[in-house]
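Before any comments, here is the structure.
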Amino acid sequence: MTSKKFDLVIKGGRVIDPVLGFGQDAYVLIKDGLIAGIETESAEMTRLLKTLDDSQVIDATGKLVVPGLIDVHVHLREPGREDEETIESGCRAAAAGGFTAVCCMPNTTPRIDNQETVKFVQDRAEGATARVYVVGAITKNLEGKELAEIGDLVKMGAVAITDDGHYVQNPDIMRRALEYSKMFKIPVCQHAEDQYLVSGGVMNESFESTRLGLKGSPAVAEEVAVLRDIALCRVTGARLHIQHISTRRAVEAVRQAKREGVNVTTEACPHHFVLTDEEIGKEFNTNLKVNPPIRTREDRQAVIEGLVDGTIDCIASDHAPHAEEEKDCEFDQAPSGMIGLETTLGLVKTYLIDRGYLDWGDAIRKMTSNPARIFGLQGGTLAEGAVADITIIDPDKKWTVRAEKFRSRSKNSPFVGMKLSGQVYRTILGGKVVFEP
Ligand SMILES: [Zn+2]
Ligand SMILES: [Zn+2]
């Protein structure tokens, strides 16, 4: 540490950085939007604090200080559905949820399948309260027929490709996407649900779907899709990232593939490790309708076990805003998706950490350094020289999810009314506080 003046110092908190292997009380020093160092208590630090104004010091006593959280699966809806979300409102929701960076999906209108749309999103994200990384399309118009200009997308800054919302059903096209992606060193992300097997299902195919008389989408639709893509990943030597994994056998397939050295990674969403299909029959809440659907207890437990043993690398929200009038209909007519940016951290704390499945270090790794590594993003660490994207967490703070408090333009969350533990205390982007409750 030098005697240079810092812009901001976070004192008193427990600093957790999975990359540095750091987990103790320390000061985080920030200068010019970058991390200038992590220092433990010393006479020099005491002297330094005296030279700073109160406005330059954040007291994080009793809090956790971690790298800014990264959500690799977010729908920002702009361009096209600005009534549901905009890049600006989505980034405010991100900051309120402790996320300093999000990866946005290309299923907007128009689709993000060309350079102009990538540029549009990047321009709109300028000055927003989170970094926005664009995930481009695999195929033109997400139709699964013809590859998008992947090289152009990457040149413009796309960090990965996906047809999210749609499975790339044609295995030859998927194989070629994987081949191309190697040249650009990006992962190919897959919404792994075989559409022929989904066959219009609106919830998980199970005892519950039969009981409720709703058309089921079987777990095998995901298993088949994941197994095929693992085979294509193996043969191409490319990088495959399975999005929102939700079934026991899909998790097992990824576990096995990783053991064999296949370059596959995966993510899980809070709704798949918190909820089961038994919830749907209670009041037919259309906010419980998601793709892939919430599954059985056995599947939920398998997702949790995948998180515990490292098979599942990332926790992502699949934040999917929908207008209230669109969700206000019969369950089978409703669009799929729920918002998640503002509830993910509390759900991770309440359902994974408090129940003893993950410790804070594991959870933070899946929301910071793993996403940064897989998608090649800035941040994910508090190492000296890294961007000063930092989340300060009040780890045991109790709160209730309230729809009127959401910064998102949409309110479609089945977690409204739920009591959670663990809340964001400050979100810091490039050394500036962008959220405080
Ligand atoms: Zn999806
Ligand atoms: Zn999605």
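The values are calculated or read from the model by the stated rules, or taken from the named source; none is laboratory data. Not measured: the values here are computed from a predicted model. Positions of Cβ are generated from backbone atoms using ideal geometry, with glycine treated the same way; all protein chains shown enter the neighbour counts. Ligands, DNA and RNA are stripped out before the accessible areas are found, and what is left, the full protein with its side chains, is counted by its heavy atoms. Shrake-Rupley method; radii C 1.70, N 1.55, O 1.52, S 1.80 Å.
Here are some notes:
- Some residue of the range 129-140 being part of a helix (DSSP H, G or I), open to solvent by less than 70 Å² (accessible area, probe 1.4 Å), away from ligand 2 (no atom under 16 Å from the Cβ) and touching a residue at least 40 places away in the same chain (Cβ under 8 Å): no
- Taking the criterion of being more than 22 Å from ILE87 (Cβ to Cβ) and not in a strand (DSSP E or B), the residues of the range 389-403 that qualify are VAL401, ARG402.
- Of all residues making up the range 141-156, the number that are under 24 Å from GLY380 (Cβ atoms) and open to solvent by less than 30 Å² (accessible area, probe 1.4 Å): 1
- Entry remark, the range 262-291: residues being part of a helix (DSSP H, G or I), within 16 Å of ligand 2 (Cβ to nearest atom) and closer than 15 Å to THR247 by Cβ number 2 in total.
- Filtered residues of the range 165-190 (kept if in contact (Cβ under 8 Å) with a residue 40 or more places away in the chain, more than 16 Å from ligand 2 (Cβ to nearest atom), assigned to a loop (DSSP other than H, G, I, E, B) and of a type outside the set (Val, Ile, Thr)): LYS185
- Among (1) surrounded by fewer than 24 Cβ atoms within 10 Å (Cβ to Cβ); (2) away from ligand 2 (no atom under 16 Å from the Cβ); (3) within 30 Å of GLU330 (Cα to Cα); (4) not hydroxyl-bearing (Ser, Thr, Tyr), the one test that GLY237 misses: (3)
- The residues on offer are LEU214, LEU197, and the sole one that is crowded, with 21+ Cβ neighbours inside 10 Å, among the aliphatic types (A, V, I, L, M), farther than 24 Å from TYR180 by Cα and more than 24 Å from the chain's Cα centre (by Cα) is LEU214.
- Qualifying position, being assigned to a loop (DSSP other than H, G, I, E, B), open to solvent by less than 20 Å² (accessible area, probe 1.4 Å) and among the aliphatic types (A, V, I, L, M), among ILE304, ILE294: ILE294
- A single member of THR311, THR343 is away from ligand 2 (no atom under 15 Å from the Cβ), buried (at least 18 other Cβ atoms within 10 Å of the Cβ) and more than 15 Å from the chain's Cα centre (by Cα), and it is THR311.
- Residues of the range 252-292 satisfying the condition of being touching a strand residue (DSSP E or B) at 6+ places or on another chain (Cβ under 8 Å) and over 23 Å from PRO371 (Cα atoms): ASP277, ILE280, ASN287, LEU288, LYS289
- Selection within the range 51-83: residues that are of a type in the set (Lys, Arg) and surrounded by fewer than 24 Cβ atoms within 10 Å (Cβ to Cβ). The member of this set that is farthest from ligand 1 (Cβ to nearest atom) is LYS63.
- Residue that is nearest to ligand 1 (Cβ to nearest atom), among those in the range 84-117 that are among the aliphatic types (A, V, I, L, M) and assigned to a loop (DSSP other than H, G, I, E, B): MET105
- Filter pass, LYS11 being of a type in the set (Lys, Arg) and in contact (Cβ under 8 Å) with a residue 24 or more places away in the chain: yes
- If you check ARG297, ARG259, ARG239 for being without any contact (Cβ under 8 Å) to a residue 12 or more places away in the chain and among the basic types (Lys, Arg), only one passes: ARG259.
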